[in-house]
């Protein structure tokens, strides 16, 4: 045993623990050390770390050719794999009989371009890059919450995604065929008639999902059902491969062991479509009986099924992954790692007025005007008061918690002067502040510093191109960006915002504020480009299991205070949300400041 705790003596007992077939292929030297070094010809030169024999046995790191992993017996030893003797004689089949591998590549909207995907979107015919996510788990374990958040993130990333819910198919069929009410007895695992119906609904829903991916523009589709048995999962898997064996498949199992969390989910279920308008107390026992019916047949996923899967325990408290491959599956895993259910507030505002705002110039990096400084001072006082109110509200709920940690409140700004100066009146001891390049305003390239009238006169074709497609239009010149470019650099910021359990204020700019609001309200990016966000207003967002609630506050410069704008005075647009559940209509009410706020508007980032 060396100093790292690794067993290096290589005695016969080590060999006996290996499977017989593998053991028979091992070459065991007379020194009783079965780990074989690479031959000299396969060893890179130049390592500063030598083995006790003086021979360099380092292997290059896949990350950096200047970094080596020593495979000797020193203090920082990483043992090499056993040398295995295999029959290297391979009979290659005739090349004409080979099945051609379908090429799949990395597509990132706005950042990649190819003949089949000139804008970076996954091509309709590129089935090998598309992903089916199959949910697994009994009711009231947070599956619907997970699918909605995941769909929102994927759609924001421009990977068109929809959720296909078997429960909706069941309710639609029930209504059309007048089947009557379906209580817990309908989900009895011993009722063969209901099992046949439920299996058919599942397959009908799956066919709709596959049509969306194979014949439509979908990149990701989520199959939202219980899929609690191995037999059902095998049926679903085979059905997908029968239609198209190129599609990637990922099972996502939601497990909830937290009783308090399950009770909350049950209360939400009692407000859902199966129990809407009915007495919750009366139907509580019925739903609990439904859960028991599912529990009797539930078979958690395991490696023996051979499928790629993610187990999500207590909505993100713990994640287990198995055989995750592909860009979209990896992106899904990364996003799920940053889930939390904490109650918190997210505040978003543009920086205070600067000289370029007054002059109507695009971009720029000038300091705040006197009006901007006045707004910055008022903002620090206002946030302090609202922070105290929110913490008092949480204390009144008397939520059971074992944590005695005090909540934090973070300030994030861009690296532009006007944004940094807007945060200057916050006490950094109370409000830890961080500057982020990702929160900078859209880069105008050669257009930066011009007014829009000058832009139109000097670059008429560029101006027309931008008017035609604001989303994909990229400003000309060095560093020029499009909305898609800004959206891509904000992805890491959004992931961190999802991870945080504390409150946060983002002091940013017009385009960035538009995109962030569009993400949380689940809006199409095409709609986001026209959101109206005046200067000296601040949005408050509160993430909840059923969605996002918001408030809009407007700075009253005369009285040096902030007023919550009544919804009756807001300019509210009713915008259809993207993705979410197939055949369901969801709308976001998008608020902007009332018409008397026009004096605070600017052309920045329009």
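No value in this document is a laboratory result; all are computed from the given coordinates. Here the structure is a predicted model, which means the values were calculated and not measured. Heads up, the Cβs are rebuilt from the backbone with ideal geometry, glycines too, and the neighbour counts pull from every protein chain shown.
How far apart, in nm, are two points set 7 Å out from the Cα along the Cα-to-Cβ line at residue 266 and at residue 196?
3.3 nm
Identify the residues of the stretch 327-354 with backbone N under 20 Å of a label point that sits 7 angstrom from the Cα of residue 560 along the Cα-to-Cβ direction, or state none.
The answer is 352-354, whose backbone nitrogens lie closer than 20 Å to the label point.
Expressed as a rounded percentage, what relative contact order does the stretch 425-551 have, with Cα pairs under 8 Å and six or more residues apart?
Details: 111 pairs, mean separation 28.7, N = 127.
Relative contact order here is 23 percent.
Restricting to the stretch 127-336, compute how many DSSP beta bridges are antiparallel as a %, nearest 5.
On the way: 5 of 25 bridges.
Beta bridges within the stretch 127-336, antiparallel portion: roughly 20 percent.
What FRET efficiency comes out for the pair residue 551/residue 229, r = Cβ-Cβ distance, R0 = 56 Å, nearest 0.05?
Numbers: r = 45 Å, r/R0 = 0.81.
According to the calculation, E is roughly 0.80.
Between the stretch 326-352 and the stretch 446-500, what is the C-alpha centre distance in whole Å?
For the stretch 326-352 versus the stretch 446-500, the Cα centre distance is 23 Å.
Determine the relative contact order of the stretch 95-213: mean sequence separation of Cα pairs under 8 Å and six or more apart, normalised by residue count, in whole percent.
Relative contact order of the stretch 95-213: 18 percent.
Could you tell me the relative contact order of the stretch 127-336? Use alpha-carbon pairs under 8 Å, at least six residues apart, and round to a whole percent.
Numbers: 294 pairs, mean separation 71.6, N = 210.
Once divided by the residue count of the stretch 127-336, the mean separation gives 34 percent.
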